[in-house]
Structure formats: structure tokens, C-alpha cells
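Have a look at the structure below before the remarks.
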Amino acid sequence: MSSGQESVFSEYETDTSQTSKLLRKFKETPFVPIGMAGFVMVVGYGLYRLKHRGDMKMSLHLIHMRVAAQGFVVGAITCGVLYSMFREYVVKPKE
């Protein structure tokens, strides 16, 4: 390989690092990380409350935790879709 080709590939690799891809995706769709963080918080809280569930069956507690986590994620996705529709159709960017 010539030195010209190596510089092109190294430039491409630095521009498409995993961190830069992740940050670019977070800027494009800000509700995805919010949904992921909410999911982790709901599951963490559910696992914390698992010790103090009283006489509730474990399966019932896990079902409630799953429904709450899924509800948070679906809500975040819905807000993201509404936000993108608002940005695309109501606040039309200048072309």
C-alpha cells in the first residue's frame, strides 16, 4: 500500500470511531438514551425493591417491573417520534 492510501484509511477510522458514532446518534435521536437510562433506572429500582416486596410473589413483582420498564421505553420512543415529526413538519428547516 502506498502512503497516500494509509492516510485515507487512518483518517476514516478516526472519523468513525465508536465514540463519535455514539455521540452523533445521541444528537440525532436524543430520546433513545433517555429511554435506555429510564429502563436501567426502573430495573435498578425494581431490583432494589425486590428485597422489600413483602408477601408478593416474585413472578408478579418481576412482571410489574418488566411492564414499568417497557412502558418507560415506549413512552420515550413515542416522545422521540413526536419530537422528530414536530421538528420536520412544524419547524421546517431552511433549505
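Read-outs throughout are calculated quantities, based only on the coordinates presented, and are distinct from any laboratory measurement. Treat the numbers as computed from the prediction; the structure is a model and nothing was measured. Positions of Cβ are backbone-derived with ideal geometry, glycine not excepted, and every protein chain shown enters the neighbour counts.
In the stretch 10-91, how does Rg compare with the Kirkwood Rh, expressed as the Rg/Rh ratio over alpha carbon atoms?
Result: Rg/Rh = 1.19.
When you count, for each residue, the other Cβ atoms within 10 Å and take the mean per peptide, how do 48-60, 75-87 rank with the highest first?
Peptide ranking by packing, descending: 75-87, 48-60.
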